[in-house]
1. Using only the Cα atoms of the chain, construct the convex hull and provide its projected area averaged over every direction, in square nanometres to one decimal.
2. Once you've got the GNM for the chain with C-alpha springs shorter than 10 Å, pick whichever of Ala81, Ala12, Ala21 has the biggest mean-square fluctuation.
3. Just how many pairs of Lys in the chain have C-alpha atoms closer than 29 Å, counting pairs that are eight or more places apart or on different chains?
4. Given the rule -39500 (n - 2.57) for each run of at least 4 DSSP H residues, summed and divided by the residues of the chain, what is its mean residue ellipticity at 222 nm, to the nearest 500 deg cm²/dmol?
5. Using a Gaussian network model of the chain with C-alpha springs under 10 Å, which one of Leu18, Leu77, Leu40 is most mobile by mean-square fluctuation?
6. Under a Cβ-only charge scheme (Lys and Arg +1, Asp and Glu -1), can you give me the dipole magnitude of the chain about the Cα centre, in debye to the nearest 20?
7. Tally Lys/Arg at +1 and Asp/Glu at -1 over every other residue whose Cβ is under 12 Å from the Cβ of Arg9; what's the total?
8. Within segment 7-99, report the chymotrypsin sites (Phe, Trp or Tyr not before Pro) that DSSP leaves as loop and that have at most 13 other Cβ atoms within 10 Å.
Amino acid sequence: MKTSIQLRREIAELQKQLALAEQAEQQINAGDPEAIATALHQIQCRHNHIDQCDWEYGSWQKPTYAHTDYLKKAQRLIDSAADAGIPPSTALFFLTTLR
Ligand SMILES: [Zn+2]
């Protein structure tokens, strides 16, 4: 059985993760290409993010090949969603159902 201190620490950590997830959702709903590219990478990439796709070696300030590639995919998703008249977050949701 966990102590109340352990449970409070776990809850605090989950609240931090929830705040980050909610912030990412807001950025996706606003059509932020980098947020959408990050979500696409999380949904689609099945590689080791260090040795095989290089995502972990970069950042949006210092993008790697993977960042650039997923940014192009994000722009295609944004354009396709606009053509279909749906928000990018809805298009991303459908992708998560195909994992
Ligand atoms: Zn990856």
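1. Approximately 8.3 nm², given one-decimal rounding.
2. Of Ala81, Ala12, Ala21, the Gaussian network model singles out Ala12 as fluctuating most.
3. 5
4. Helix-only estimate at 222 nm: -22500 deg cm²/dmol.
5. Top of the fluctuation ranking is Leu18.
6. I would put it at about 300 debye.
7. +1
8. Those that pass, being in a loop and sparsely packed, are Trp60.
Here, each number is a calculation from the coordinates, and none is a lab measurement. Because the structure is a prediction, the values reported are computed rather than measured. With ideal geometry, Cβ positions are generated from the backbone for all residues, glycine too; neighbour counts draw on all protein chains shown.
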